[in-house]
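The values are calculated or read from the model by the stated rules, or taken from the named source; none is laboratory data. These numbers were taken from a predicted model, which means no experiment stands behind them. Cβ sites come from the backbone with ideal geometry, for glycine too, and all protein chains shown count toward neighbours. When the accessible area is computed, the model is the full protein with side chains, heavy atoms only, and any ligands, DNA or RNA have been set aside. Shrake-Rupley method; radii C 1.70, N 1.55, O 1.52, S 1.80 Å.
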Amino acid sequence: MKAVVMNRTGGPDALEIVERPETAPASGQVLVEVAAAGVNFMDIGVRQGMAWTETPNPKVLGVEGAGRVLAVGDGVEHFRPGQRVAWVYAPGSYTDRAMVPADALVPIPDGIDDRTAASVMMQGLTASHFATDFYPVQPGDVALVHAAAGGVGLLLTQIIKLRGGHVIGRVSSANKTAVAREAGADHVIVDTEGRFAEEVVRMSGEGVHVVFDGSGPKTFQASLDSLRRSGTFCWYGPVLGGPGPLDIMSLPKSIKIGYARFFDHIHTPALLRARTGQLFDCIASGDLKIRIGGVYPLAEAACAHADMESRGTTGKLLLIP
């Protein structure tokens, strides 16, 4: 089978496509023919040596995708050969044949194509967690969404709007403004320097109810300044680093800060399937639209990484074996 591995820590040139031996699924595993694998910022973090450091190189990148079951191991009851499935957090997904734990799989409904299913797993479940569990958006709430034209940002904007909220989106370039507005952003700010707080407060009146910030330390202070009294700060995106030590008694305006951990939304297989089912239902009804911003052959994973790092892409990037 073909797989994209990193042989060392470094830039996109650390990635290489290789042939690896295929094995039969062990107990609790499912062998899947991959139709599409998702690219995420966490994959870049792994490549740069920020995660998976306990796993020796060479190692296969990627954690999500969609495809068709080829074989199942002992003890697998809910999946069968020929069935279409998607998955999230199965390390080693940049491949044409992935070995996936059955607990990480969900069935794909007939009305959802493979590329759409692969696009919504990591980023869709992340956005769902932010707006329904971490901060349950209420009608009339105003949210600041960073990277509003990215994969998470576009889905998060749509979910906030479905829940009756208003969105101020921040994007890094003017050519992303229309994409963020198409997803439902009520206002869009173009900013690369972290100087957006004054404009956010002006647009929202007294500041926003919640900030969703995965843009790294550069935007931390301005995100704090964008909140109203008792507002909530949702911090994510560990690949870009944290804000450093915080003096909790120095936090302004009785705000609340938290780190939104992806797995808390889907900490059981039943929750994974329920949450994914809700996303699939929203896609099928037309309430949630998936933007695939780039499709690359598996052998061009390095190019996908370089494009994502350039901040020039919008929506979801996929690798196609």
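Take Gly65 and tell me if it is farther than 19 Å from Gly277 by Cα and either open to solvent by less than 40 Å² (accessible area, probe 1.4 Å) or not aliphatic (A, V, I, L, M) (or both). No; evaluated as a whole, the condition is false for this residue.
Considered as a group, the residues in the stretch 248-269 that are open to solvent by 90 Å² or more (accessible area, probe 1.4 Å), more than 16 Å from the chain's Cα centre (by Cα) and modelled with pLDDT under 95 include one that is farthest from Val211 (Cα to Cα), and that residue is Met249.
In the stretch 296-321, of all residues being among the polar types (S, T, N, Q) and in contact (Cβ under 8 Å) with a residue 12 or more places away in the chain, the one that is surrounded by the fewest Cβ atoms within 10 Å (Cβ to Cβ) corresponds to Thr313.
How many residues are within 21 Å of the chain's Cα centre (by Cα) and modelled with pLDDT of 95 or more if we restrict to the stretch 189-218? Residues that pass the stated criteria total 4. For Gly216, the conditions (1) farther than 22 Å from Ile159 by Cβ; (2) open to solvent by 10 Å² or more (accessible area, probe 1.4 Å) all hold with the exception of (2). Here the stretch 275-286 is the region considered, the condition is being outside any loop (DSSP other than H, G, I, E, B) and without any contact (Cβ under 8 Å) to a residue 24 or more places away in the chain, and the residue that is least open to solvent (accessible area, probe 1.4 Å) is Ser285. Taking the conditions (1) open to solvent by 50 Å² or more (accessible area, probe 1.4 Å); (2) assigned to a helix (DSSP H, G or I) in turn, Lys289 satisfies each one other than (2). With respect to the conditions (1) touching a strand residue (DSSP E or B) at 6+ places or on another chain (Cβ under 8 Å); (2) hydroxyl-bearing (Ser, Thr, Tyr); (3) open to solvent by 20 Å² or more (accessible area, probe 1.4 Å), Thr192 falls short on a single one, namely (1). Does Leu272 satisfy being in a strand (DSSP E or B), under 18 Å from Met122 (Cα atoms) and open to solvent by less than 70 Å² (accessible area, probe 1.4 Å)? For Leu272, the condition - in a strand (DSSP E or B), under 18 Å from Met122 (Cα atoms) and open to solvent by less than 70 Å² (accessible area, probe 1.4 Å) - is not met.
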